[in-house]
1. Give the carbon-plus-sulfur fraction of the accessible surface of the chain in %, rounded to a whole number; probe 1.4 Å, heavy atoms of protein chains only.
2. Using a 1.4 Å probe, what is the accessible area per residue for the chain, in Å²?
3. For Cα pairs less than 8 Å apart in space and 6+ apart in sequence, what is the mean separation divided by the residue count of the chain, i.e. the relative contact order in percent?
4. Under 10 Å from the Cβ of Leu139, count the other residues' Cβ atoms, weight Lys and Arg +1, Asp and Glu -1, and hand me the total.
5. So how much slack lies between Tyr33 and Ala60, counting 0.36 nm per residue of separation and subtracting their Cα-Cα distance, in nm?
6. Run lengths n ≥ 4 of DSSP H only: what is the helix-derived mean residue ellipticity at 222 nm for the chain, with -39500 (n - 2.57) per run over all residues, to the nearest 500?
7. Please find, in a Gaussian network model of the chain (springs between Cα atoms separated by less than 10 Å), the residue of Val92, Val27, Val35 whose mean-square fluctuation is greatest.
8. What's the ranking of 124-136, 104-116 by average number of surrounding C-beta atoms within 10 Å, highest first?
Amino acid sequence: MNPFDLQRDAFGCWVLVLADGTRHSPVTALRAYPVSAPHQGVALMDADGHELLWVPDLSALPPNLQTTLREALDEREFLPQILRLDTVSSLVTPSTWSVQTDRGATQFMLKGEEDIRRLTGTVLLINDANGVQYMIRDLAAMDKHSRKLLDRFL
């Protein structure tokens, strides 16, 4: 038996159903640590911003509930993960980057080197000229070509 259930209502809003049958709608799923621990610490919040339920670890949930909760999280978050750098127009900024992300191929303009932030030893956050953020979750796991291009900006 699931500790709770997450469903959609007729309007497409998320509904939290607790073990005692109490229903809350609409609810929003939020990660506490989206960069450093994306699979731990998820809160389900009501429309007034009150925490209704805390999920300490997504992997501890049954697979079907994990899938539903990840879907709710993905709807709210937009943080494409860069998987590979194809080309960079110039080794000085501003430059246009062509990249492969987990959401497909794209291009963006990097205004300055300060728009690349190292969050941890291998995690980078890149802000493009339009304010969209991209993440490199594991710099060491990227291919040699991508690391070589990135090294010129770090």
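1. 51 percent
2. Details: 8710 Å² over 154 residues.
Here the residues of the chain average 57 Å² of exposed surface.
3. Details: 267 pairs, mean separation 20.1, N = 154.
Reported relative contact order: 13 percent.
4. Working: positive: Arg118, Arg137, Arg147; negative: Asp138, Asp151.
Counting the neighbours of Leu139, the net charge comes to +1.
5. On the way: separation 27, 0.36 × 27 = 9.72 nm, distance 1.70 nm.
Difference between extended and current length: 8.0 nm.
6. On the way: 2 runs with 22 residues, N = 154.
Mean residue ellipticity, 222 nm, calculated: -4500 deg cm²/dmol.
7. Between Val92, Val27, Val35, it is Val92 that shows the largest mean-square fluctuation.
8. Numbers: 124-136: 15.8, 104-116: 14.2.
The densest-packed peptide leads the list: 124-136, 104-116.
The values are calculated or read from the model by the stated rules, or taken from the named source; none is laboratory data. It should be emphasised that the depicted structure is a prediction, and the values quoted were computed from it without experimental measurement. Neighbour counts run over all protein chains shown; Cβ positions are idealised from the backbone, glycine included. These area figures cover heavy atoms from the full protein model, side chains too; ligands, DNA and RNA do not enter into them. Shrake-Rupley method; radii C 1.70, N 1.55, O 1.52, S 1.80 Å.
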